[in-house]
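**Q** Sending over a structure as structure tokens; questions will come in a sec.
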Amino acid sequence: MQDHQSFSDFFYTAPDGLKLHARVYGEANSGHWPVVCLPGLTRNARDFHELALHLSRQEKNPRKVIAFDYRGRGQSAYDPDVSRYNVGVEAGDILAGLAGLGIEQAAFIGTSRGGLIIHVLGAMRPAVLKAIVLNDIGPVIEAAGLAHIRTYLDPAPKPKSRTEALDAQRSAHGGDFPALTEADWERMVLALYRETDQGLLPDFDPRLVETLAGLDTSKPLLDLWPQFEALAAVPLLAIRGGNSKLLSAGTLEEMQKRHPGMETITVDGQGHAPFLETGGLPDAIAAFLDRAEQQVQAK
């Protein structure tokens, strides 16, 4: 179980009045860039717990870390209007949360949908982005990857026990994640599910699946190259799972061409999306943030 004394809960009101939640780690102002963590489509702030502890407890450059629950996920309220589960609204929610915390600029880490929100933030308020880590996401989403996501979300598994939950996740993702240990799978289940009187339930509004309906998965589904190119001046680290179906090696190579300063990491034995607390990634991300901050300060 996660140590609740290692973070504080921050609740705030979205522009449309919905009550939203984030976790805040390392609340003291260290003088270094804070870090904002944005999860995937149906995921929540718990995905970043281990990474947030690592970044907030660095000996030399400890950082304040804010991990958000989007509307309809985790401890944030569900939206009665399914149409508002979109990256534009969610980007506005993030900006409202940062305003409530008094944060004007930060480094951003985005997994999957979180990376799409970063692209939108770059268009809405580019000055907020000091550095970016994109976890298995880019300007183009491969159709096969989204089709896989839709397959295991519709219907979302409703296991009766933690053992059933572990089995369900291994069944859906095990082929893409041979590098994961038993402890890794257990952390995934703790992050993804919540305990209720009816047993374990996925910790998101089940109507989120409706937002994937009608998508044509016979071809690539997104082209955010203009938005990506607008990030060219921002230090960027792109992480790709070696077995990813969502971010192709070709897209990663093209990203490198269009953002020559971009750093890349390919995580062997993992798919979409790599677990950021594994494979030496916490140290690699911390080192990237330190380099980026030093480079900006040197200018």
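**Q** Looking only at segment 112-138, which residues are outside any loop (DSSP other than H, G, I, E, B) and either within 9 Å of the chain's Cα centre (by Cα) or among the small types (G, A, S) (or both)?
**A** R113, G114, G115, G122, A123, A127, A131, L134, N135
**Q** Among the residues of segment 5-20, which ones are surrounded by fewer than 21 Cβ atoms within 10 Å (Cβ to Cβ) and not aliphatic (A, V, I, L, M)?
**A** Residues satisfying the conditions are Q5, S6, S8, D9, F10, F11, Y12, T13, P15, D16, G17, K19.
**Q** Look at D205 and say whether it is more than 30 Å from V234 (Cβ to Cβ) and surrounded by fewer than 16 Cβ atoms within 10 Å (Cβ to Cβ).
**A** When the stated conditions are applied, D205 does not pass them.
**Q** Just the residues that are among the small types (G, A, S) and on the phi < 0 side of the Ramachandran plot, please, taken from segment 270-299.
**A** G271, A273, A284, A286, A287, A292, A298, listed by residue number.
**Q** Still on this structure, I have one more. So, in segment 66-88, exactly how many residues are out of contact with any strand residue (DSSP E or B) (no Cβ under 7 Å at 6 or more places or on another chain) and either at positive phi or assigned to a loop (DSSP other than H, G, I, E, B) (or both)?
**A** 7
**Q** From the list S6, S112, S83, S30, which residue is of a type in the set (G, A, S) and without any contact (Cβ under 8 Å) to a residue 12 or more places away in the chain?
**A** Values: S6 fails: without any contact (Cβ under 8 Å) to a residue 12 or more places away in the chain; S112 fails: without any contact (Cβ under 8 Å) to a residue 12 or more places away in the chain; S30 fails: without any contact (Cβ under 8 Å) to a residue 12 or more places away in the chain.
Selected residue: S83, the only one of S6, S112, S83, S30 that is of a type in the set (G, A, S) and without any contact (Cβ under 8 Å) to a residue 12 or more places away in the chain.
**Q** Same structure again: How many residues are surrounded by fewer than 19 Cβ atoms within 10 Å (Cβ to Cβ), touching a Ser or Thr at 6+ places or on another chain (Cβ under 7 Å) and of a type in the set (D, E) if we restrict to segment 118-157?
**A** Looking only at that region, the number is 0.
**Q** Report the residue count in segment 163-179 for those that are among the hydrophobic types (A, V, I, L, M, F, W, C) and buried (at least 21 other Cβ atoms within 10 Å of the Cβ).
**A** Going through segment 163-179 one residue at a time, the tally reaches 2.
**Q** In addition: Got a sec? Which of R43, R23, R63 is of a type in the set (K, R), surrounded by 18 or more Cβ atoms within 10 Å (Cβ to Cβ), assigned to a strand (DSSP E or B) and in contact with a strand residue (DSSP E or B) (Cβ under 8 Å, 6 or more places away or on another chain)?
**A** From the options R43, R23, R63, the qualifying one is R23.
**Q** Considering segment 46-60 alone, what residues qualify as being buried (at least 24 other Cβ atoms within 10 Å of the Cβ) and either of a type in the set (D, E) or in a loop (DSSP other than H, G, I, E, B) (or both)?
**A** Of everything in segment 46-60, just one residue is buried (at least 24 other Cβ atoms within 10 Å of the Cβ) and either of a type in the set (D, E) or in a loop (DSSP other than H, G, I, E, B) (or both), namely D47.
**Q** Would a scan of segment 220-234 turn up a residue that is more than 22 Å from H119 (Cα to Cα) and modelled with pLDDT of 95 or more? It would help to see each step written out before you state the result.
**A** From segment 220-234, those more than 22 Å from H119 (Cα to Cα) are none; that's our starting set.
No, segment 220-234 has no match at all.
**Q** Looking for whichever is in contact with a strand residue (DSSP E or B) (Cβ under 9 Å, 6 or more places away or on another chain) and surrounded by fewer than 18 Cβ atoms within 10 Å (Cβ to Cβ) here; the options are A238, A249. Which one fits?
**A** Being in contact with a strand residue (DSSP E or B) (Cβ under 9 Å, 6 or more places away or on another chain) and surrounded by fewer than 18 Cβ atoms within 10 Å (Cβ to Cβ) holds for just one of A238, A249, which is A249.
**Q** Moving on. Within the set of pairs 6+ apart or on separate chains, which have a first residue in segment 272-299 that is polar (S, T, N, Q), a second that is crowded, with 17+ Cβ neighbours inside 10 Å and modelled with pLDDT of 95 or more, and C-beta atoms under 7 Å apart?
**A** That search, which allows pairs on different chains as well, returns Q295/P235.
**Q** From the list L252, L276, L224, L289, which residue is under 18 Å from the mean Cα position of the chain (by Cα) and under 30 Å from E164 (Cβ atoms)?
**A** It is L276.
**Q** Restrict the check to segment 89-111 and report whether at least one residue is under 19 Å from F204 (Cα atoms) and assigned to a loop (DSSP other than H, G, I, E, B). Before the answer, list the steps.
**A** At the first step, the residues of segment 89-111 found to be under 19 Å from F204 (Cα atoms) are 89-91, 93-94, 110-111.
Among the residues that remain, those that are also assigned to a loop (DSSP other than H, G, I, E, B) are: none.
No, that holds for no residue.
**Q** While we're here: L192 is checked against (1) surrounded by fewer than 20 Cβ atoms within 10 Å (Cβ to Cβ); (2) of a type outside the set (K, R); (3) at pLDDT below 95 and fails just one. What number does that condition carry?
**A** The single condition L192 does not satisfy is (1).
**Q** Oh, and also: All but one of (1) of a type outside the set (S, T, Y); (2) at pLDDT below 95; (3) crowded, with 16+ Cβ neighbours inside 10 Å hold for K160; which doesn't?
**A** With (1) of a type outside the set (S, T, Y); (2) at pLDDT below 95; (3) crowded, with 16+ Cβ neighbours inside 10 Å applied to K160, the lone miss is (3).
The values are calculated or read from the model by the stated rules, or taken from the named source; none is laboratory data. Since the model is a prediction, treat every value here as computed from it, not as a measurement. Every residue, glycine among them, receives a Cβ derived from its backbone with ideal geometry; neighbour counts consider all protein chains shown.
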